[in-house]
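These notes concern the structure reproduced below.
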Amino acid sequence: MPYPTDDERDRPWVMRTYAGHSSAAASNRLYRRNLAKGQTGLSVAFDLPTQTGYDPDHVLARGEVGKVGVPVGHIGDMRQLFDGIPLAEANTSMTINATAMWLFALYVSLAQEQADEQGADWHEVVARLTGTTQNDIIKEYLSRGTYVFPPGPSLRLITDMVAWTVANVPKWNPTNICSYHLQEAGATTVQEVAYAMCTAIAVLDAVRDSGQVPRDQMGDVVARISFFVNAGVRFVEEMCKMRAFTRLWDEITRDRYGVANPRHRRFRYGVQVNSLGLTEAQPENNVQRIVLEMLAVSLSRDARARAIQLPAWNEALGLPRPWDQQWALRMQQVLAYETDLLEYEDIFDGSAVIQSKVDEIVAGARAEIERVQDMGGAVAAVESGYMKTRLVTSLAERRRRIETGEEVVVGVNRFDTTEPGPLAGEGVVETIEPHVEREAVQAIRRWREGRSQSEVDKALELLTSVARTDANLMEATLECARAGVTTGEWAGALREVFGEYRAPTGVSGAAATGEVSGELAAVRDRVRATGEKLGGRLRMLVGKPGLDGHSNGAEQIAVRARDVGFEVVYQGIRLTPAQIVAAAVQEGVHVVGLSILSGSHLAVVPEVVDGLRAAGADDVPVVVGGIVPPKDEGVLRERGVARVFTPKDYELTEIMNEIVDVVREANGMPTEVPR
């Protein structure tokens, strides 16, 4: 989106809807409907196997295919996904990180095919592509969890893609520094700004030091770095945050990288407002939350978002339907076209209150940036666990404020009386039927059978050989795309060279904040008394089965369980049911807690329950937490799950109390001990 030259009225931002599910064909139909409704950009949600480099028939993909996004396994899927959508005329955002180079290669290859079909010069068509690949791996280690490779090789993939894109696709944003998930993982305003800037510094330093871009062209690199931010409901502070981002980015790019052109130094960002701040209780309140959060990034013209995508009111309940997404799109359109928002210069210029808050955020961020740089930069701060521990601690403090009522969440911890409403009941979210995964598995196997295996082998051999050097990997990846290589094969080849990685969880170093409440002390007494009856300290395994990397809830459960006296076993994300069962048996735990937010609970949870029974540990109860629709709760209980906790269950200490009940019930003990 070009910056406006019209002095009378600002141009509307790019309006997107984050969308994709089931299959490439189903998602294509959804995209074309959304474009017909006035959406001006596409925002592609990929499913977890695609994001983490697995094909639909991999064991870890079980229950995850098509759930939180669209599965894209090869160039054929990409053709279906954008059927009837000319890529040279589209503005496409792709939320993809570890496998960003691969998905971008598929996108570029499809653009070449479209150019050939039209008899156009494909170089010119590719040069016109506009859009963004998120491609921020640092925040994946800290929050979202869809990383694959260690930090060093991951940063190399980003560096190679930035260098290649600046030279060949000059209108594309090859990386989108993403502070969005940092806020959801607990980042304060200062931490969000600081850690995003540290990530940008790590990327720009790597590109500069790689020698792939001449020093006098660093302005072109900086001009293609975009940001993706979160906007919470404290919209005045959030707006000040955006002005702080703008000031710091201008300073860093001018002083550290010598970028003289002020147009290159513009802070360009897109937004999705805070999805995890939406509530399952009284979900109708989410509508006003979304609108207020949108104001945070649109009110200030000098720091206005150039692309916005809004969640739907029911995303705390499950996958939104097309009508829900339409409602979110119409919110943007009303603000942009019916109000006078875009008719004025920046309405906050000269405000002493705003300036003071911006100065405060900038000063705090500068100090934290310096602290991280003194450690060796963002990668070192990830590997040491420093940033992750800070985020887990900050989120624990936020949870404490909500539980004590210091921070009010309407409909949750205050004003929670309600009436039955028309938005409740069955059918309020999109459901993905089990046949979607079966069909995807069959389709990927048909694809493998129908291609030239010799061409695939040749392309993969080239990829691995280049990966063992310091040459740019983009051309080898494009060769794989054209040869019909699959997502799992591309990632698998690089796993062989780069290895895999498990990021620090931040749980062991997280510090409890605030005074110990009487309720927490009472639960701690129950944990100790129960452990003494059973002959030792109570042990709880917190597990993340499948590919769901949203670990914030699991980490907070682990921290609170430790605080009330449990010995906690938490090995991080991305475990198979078999691995969780093996750990539970080996550690001799008294209870297993599973956290799942991706919708795969009906597929993977019963496997854990059955695995414990098969291992002779059927006396170890299983509890589940996550986004679980009411009808699925009943299914899980029938399959042997002892308790199901959903986002409405926000009091962690009370959850711990119930888990003590579960342990006592499983061991034939009365629950009526003094609390």
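Based solely on its DSSP helices, what 222 nm [θ] is calculated for the chain when runs of n ≥ 4 H residues each add -39,500 (n - 2.57) and the sum is averaged over all residues, nearest 500 deg cm²/dmol? Walk me through the numbers before you get to the answer.
On the way: 25 runs with 329 residues, N = 675.
Mean residue ellipticity at 222 nm (helix-derived): -15500 deg cm²/dmol.
Compute, for the chain, the length of the dipole vector about the Cα centre, with Cβ point charges of +1 (Lys, Arg) and -1 (Asp, Glu) only. Units Debye, rounded to 20. Numbers along the way, then the final one.
Details: 72 positive and 92 negative charges, 93 e Å.
With Lys and Arg at +1 and Asp and Glu at -1, about 440 debye.
For the range 1-156, take N as its residue count and report Rg(C-alpha) divided by 2.2 N^0.38 Å.
This ratio for the range 1-156 stands at 1.10.
How fast does the range 234-287 diffuse by Stokes-Einstein, in µm²/s, taking the Kirkwood radius from C-alpha pairs at 10 °C and 1.306 mPa s?
So the translational diffusion coefficient is about 116 µm²/s.
Tell me the relative contact order for the range 229-304 as a rounded percent, counting alpha carbon contacts under 8 Å between residues six or more apart.
Values: 77 pairs, mean separation 37.5, N = 76.
About 49 percent, as a whole number.
Please identify the DSSP H helices in the chain that span no less than 20 Å along the helix axis (Cα) and have a mean Kyte-Doolittle hydropathy of 0.0 or more. Working shown, then result.
Values: long enough: 100-118 (27 Å, 0.18); 151-168 (25 Å, 0.43); 189-210 (32 Å, 0.75); 235-255 (30 Å, -0.52); 322-337 (22 Å, -0.59); 352-375 (35 Å, 0.03); 386-404 (27 Å, -0.93); 435-449 (21 Å, -1.31); 453-467 (21 Å, 0.21); 518-534 (24 Å, -0.47); 652-666 (21 Å, 0.43).
What comes out of the filter, once short or polar helices are dropped, is 100-118, 151-168, 189-210, 352-375, 453-467, 652-666.
How large a share of the accessible area of the range 200-330, in percent, is made up of carbon and sulfur atoms when the probe is 1.4 Å and the other protein chains stay in place?
Working: 2270 of 4430 Å².
Answer for the range 200-330: carbon and sulfur cover 51 percent of the accessible area.
Which values of log₁₀ I(q)/I(0), to two decimal places, follow from the Debye formula for the chain at q = 0.06, 0.07, 0.09, 0.11 Å⁻¹ with a uniform point scatterer at every Cα?
Those come out to -0.33, -0.45, -0.76, -1.17, one per q.
If you wrap a convex hull around the C-alpha atoms of the range 609-675 and split its volume per residue, what is the figure in Å³? Before the final figure, lay out each step's value.
Values: hull volume 6.2 nm³, N = 67.
Spelled out: Cα convex hull of the range 609-675, divided by residues, is 93 Å³.
May I ask for log10 I(q)/I(0) of the range 592-646 at q = 0.16, 0.19, 0.26 Å⁻¹, from a Debye sum over the Cα atoms as equal point scatterers with solvent left out?
With no solvent term, the Cα-only Debye profile gives -0.39, -0.55, -1.02.
Expressed as a whole percent, how much of the Cα-Cα distance distribution for the range 126-213 exceeds 14 Å?
Working: 2487 of 3828 pairs.
So the pairs more than 14 Å apart make up 65 percent of the total in the range 126-213.
Any idea what Rg and Dmax come out to for the range 296-431 if you just take the C-alpha atoms, in Å?
Expressed in Å, the Cα Rg and Dmax of the range 296-431 come to 20.6, 55.
Where the centroid of each part is defined by its Cα atoms, how far is the range 325-360 from the range 598-675 in Å?
With the range 325-360 and the range 598-675 each reduced to a Cα centre, they are spaced 45 Å.
If the limit is 27 Å between Cα atoms, which of Lys544/Lys648; Lys67/Lys171; Lys37/Lys357; Lys37/Lys544 go over it?
Distance filter (> 27 Å) returns Lys67/Lys171; Lys37/Lys357; Lys37/Lys544.
Just the Kirkwood number for the range 287-326, please: inverse of mean 1/r across all distinct Cα pairs, in Å, one decimal.
Here the Kirkwood hydrodynamic radius works out to 11.3 Å.
Express the accessible area of the chain per residue in Å², computed with a 1.4 Å probe while the remaining protein chains stay in the model.
Values: 25890 Å² over 675 residues.
That works out to 38 Å² per residue.
Could I have the simple spin-label model distance between Thr464 and Glu496, label points 7 Å from Cα toward Cβ, reported in nm to one decimal?
Distance between label points: 0.1 nm.
Find the all-direction average of the projected area of the Cα convex hull for the range 169-264, expressing the result in square nanometres with one decimal place.
6.4 nm²
Restricting attention to the alpha-carbon atoms of the range 199-321, what are Rg (one decimal) and Dmax (integer), both in Å?
Considering the range 199-321 through its Cα atoms, Rg and Dmax are 17.5, 55 Å.
Can you give the translational diffusion coefficient of the range 423-558 in µm²/s, computed by Stokes-Einstein from the Kirkwood radius over Cα pairs at 10 °C and 1.306 mPa s?
76 µm²/s
Kirkwood Rh, the range 69-207, all Cα pairs: how many Å?
One decimal place: 15.8 Å for the Kirkwood radius.
Sequence gap at least 6, Cα distance under 8 Å: using those rules, report the relative contact order of the chain to the nearest whole percent.
16 percent
Expressed as a whole number of Å, what is the distance separating the alpha-carbon centroids of the range 476-490 and the range 70-130?
The two parts, judged by their Cα centres, are 14 Å apart.
Ranking request for peptides 259-268, 325-334: highest mean number of other beta-carbon atoms within 10 Å first, then the rest in descending order. Display every interim value, and only then the final one.
Numbers: 259-268: 15.6, 325-334: 18.6.
Going by the mean number of other Cβ atoms within 10 Å, highest first, we get 325-334, 259-268.
Give, as ranges by residue number, the residues of the range 224-248 whose backbone N falls under 19 Å from the point 7 Å along Cα→Cβ of Ser351.
The answer is 230-248, whose backbone nitrogens lie closer than 19 Å to the label point.
Take each of the peptides 145-152, 171-178, 360-367, average the number of other beta-carbon atoms within 10 Å over its residues, and list them starting from the highest.
Final packing ranking: 171-178, 145-152, 360-367.
Mind ordering 403-416, 186-199, 88-101 by average Cβ neighbours within 10 Å, highest first?
Averaged packing, sorted descending, gives the order 186-199, 88-101, 403-416.
The values are calculated or read from the model by the stated rules, or taken from the named source; none is laboratory data. The model shown is predicted, which means the values in this text are computed figures rather than measured ones. Ideal geometry is used to build each Cβ from the backbone, glycine not excepted, and the neighbour counts take in all protein chains shown. All accessible areas refer to the heavy atoms of the entire protein, side chains included, with ligands and DNA or RNA removed. Shrake-Rupley method; radii C 1.70, N 1.55, O 1.52, S 1.80 Å.
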